[in-house]
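Structure first, then comments.
The values are calculated or read from the model by the stated rules, or taken from the named source; none is laboratory data. Treat the numbers as computed from the prediction; the structure is a model and nothing was measured. Here Cβ is always computed from backbone atoms with ideal geometry, including for glycine, and neighbour counts include all displayed protein chains. Just the protein is used for accessible areas: all its heavy atoms, side chains included, with ligands, DNA and RNA removed. Shrake-Rupley method; radii C 1.70, N 1.55, O 1.52, S 1.80 Å.
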Amino acid sequence: MNPDRPVGALFRRFRERLAAADHTREGVPAGEPDTAPSTGSPTARGVGRADSGSRATGTGPGVGRTDAGARDAGLTPHPPRDVAPTTGRRRGGRGGEQLTVPPARFTSYYGRPVLKPPVWRWDIAAYLFTGGLAAGSSLLAAGGQLTGRPALRRGGRVASLAAVSASAYFLINDLGRPSRFHHMLRVAKVTSPMSVGTWILSAFGPAAGLAAVAEIAPRLPRRGVLGLGRRLLPPTGHVAGLAAAVTAPALATYTGVLLADTAVPSWHEAYPELPVIFAGSALASGAGVGLLAAPPGQSGPARRLAVAGAALELWGAHRVENRLGLLSEPYAEGTPGRLLRAGRALTAAGVAGAWLGRRSRLLSAASGGALLAASVCTRFGIFHGGVASARDPKYTVVPQRERAARRA
């Protein structure tokens with residue numbers, strides 16, 4: 001390039017200014033010669049001379065800097081590597097610098113639920129109620145059988161058969177085809193609450209049915225084939241009734257385990273309380289059947305069963321509404337909250353009426369109806385509370401982040 005040309009002079013002055021800036025940045029005053037040997041080494045040529053090639057204070061593309069190293073070298077810290085993440089608050093109090101990074105908030109794609117809500121309909125909630133009613137009525141019938149109360153035994157056995165039949169109908173209706181229930185019996189998987197529940201229901205149903213059929217024995221003729229049935233059905237019904245009562249606790253509680261085994265947040269987190277709530281609800285509903293079916297003189301076991309069931313149900317419902325933190329909200333708001341509050345009020349009224357109406361058939365029957373209605377409200381409230389927690393993404397995201405923070 002010709003140095004006499006104007007463009008050449010401009011380029012020469014630009015190159016001199018660059019060299020002066022490099023000397024100043026590397027610690028060599030402007031105007032002094034660079035005495036470093038001119039070799040092929042980057043250090044020898046003046047690159048990163050301030051800290052002998054440190055990545056923290058070096059220059060050039062790809063150099064990893066920290067705030068402290070860049071400050072020592074007189075460089076702009078870019079990007080910052082040794083400072084804590086910032087939030088959307090003002091730094092240094094009220095008059096500080098407004099940071100541009102907003103506080104992190106949970107979200108989901110297009111506001112859609114993180115989990116797929118259960119596809120179960122109202123018939124599953126009805127299945128939960130009728131299964132508990134069948135179990136509680138069976139226990140009540142066994143108590144009437146062992147204490148010589150025929151009206152209590154008869155009412156419990158008939159209610160148990162009707163309830164377990166309705167429960168099987170609701171389950172099969174939800175499955176869509178009856179053959180699917182049959183296919184579930186081809187395997188027995190202990191780790192699957194659904195598989196275990198299917199076998200429990202299959203064992204309980206025939207026993208409860210045989211015990212209920214035995215109640216028609218006194219109406220059969222005394223002679224002939226039917227007369228043989230008249231003699232054989234009562235002892236067979238006693239054995240079947242006790243067998244159904246043995247299976248009843250598992251039938252009353254396995255549905256709570258089934259719900260808690262899902263990924264639905266408010267069901268899964270309440271795994272210690274759901275079986276207790278369902279057991280108490282089953283006992284209270286069975287007591288309601290006894291108060292409706294038996295005269296006051298034979299309903300003593302039903303009243304005691306009502307007290308035990310109400311204690312378990314109210315304790316469990318109080319726990320799920322107060323122990324779970326954020327996940328307790330679905331049980332206290334909206335339709336689930338109204339149902340559970342109604343269930344508590346009806347349970348308390350039913351127990352009070354059962355003890356105050358020990359000599360009044362009308363008051364006892366009203367108390368029995370209140371206990372049955374309380375069981376319906378409790379089961380439907382728990383069902384709808386879990387579905388609500390699956391639909392709102394915050395009940396999935398916020399507890400996960402809290403658990404991750406506790407582990408950290």
Residues satisfying the stated conditions in segment 341-357, i.e. surrounded by 14 or more Cβ atoms within 10 Å (Cβ to Cβ) and more than 37 Å from the chain's Cα centre (by Cα): 357
Extreme residue, least open to solvent (accessible area, probe 1.4 Å), among residues of segment 171-195 that are touching a residue at least 12 places away in the same chain (Cβ under 8 Å), part of a helix (DSSP H, G or I) and over 21 Å from residue 283 (Cβ atoms): 171
Cβ pairs under 6 Å, 6+ apart, first in segment 324-342 and within 16 Å of residue 374 (Cα to Cα), second β-branched (Val, Ile, Thr) and assigned to a helix (DSSP H, G or I): 331/320
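Kindly indicate whether any position in segment 241-251 is surrounded by fewer than 16 Cβ atoms within 10 Å (Cβ to Cβ), under 15 Å from residue 161 (Cα atoms) and in contact (Cβ under 8 Å) with a residue 12 or more places away in the chain. Step through it out loud before you land on a result.
First, pick out the residues of segment 241-251 that are surrounded by fewer than 16 Cβ atoms within 10 Å (Cβ to Cβ): 246.
Next, from what is left, pick out any that are under 15 Å from residue 161 (Cα atoms): none.
No, because not a single residue in segment 241-251 is surrounded by fewer than 16 Cβ atoms within 10 Å (Cβ to Cβ), under 15 Å from residue 161 (Cα atoms) and in contact (Cβ under 8 Å) with a residue 12 or more places away in the chain.
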Test: residue in segment 391-400 that is of a type in the set (A, V, I, L, M, F, W, C) and either farther than 27 Å from residue 295 by Cβ or at pLDDT 95 or above (or both): yes
Enumeration of residues in segment 367-400 that are of a type in the set (A, V, I, L, M) and in contact with a Gly (Cβ under 6 Å, 6 or more places away or on another chain): 370, 371, 372, 374
Residue count, segment 280-299 (criterion: open to solvent by 10 Å² or more (accessible area, probe 1.4 Å), in contact (Cβ under 8 Å) with a residue 40 or more places away in the chain, in a helix (DSSP H, G or I) and not polar (S, T, N, Q)): 5
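Return the residues of segment 252-278 that are open to solvent by 20 Å² or more (accessible area, probe 1.4 Å), within 19 Å of residue 199 (Cα to Cα) and without any contact (Cβ under 8 Å) to a residue 40 or more places away in the chain; say none if nothing qualifies.
253, 275
Being of a type in the set (A, V, I, L, M, F, W, C) and closer than 20 Å to residue 299 by Cα: is that true of residue 188 here?
So residue 188 fails the test.
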Residue list for segment 198-232, restricted to those being more than 30 Å from residue 178 (Cα to Cα) and open to solvent by less than 70 Å² (accessible area, probe 1.4 Å): 217, 220, 221, 224, 227, 229, 230
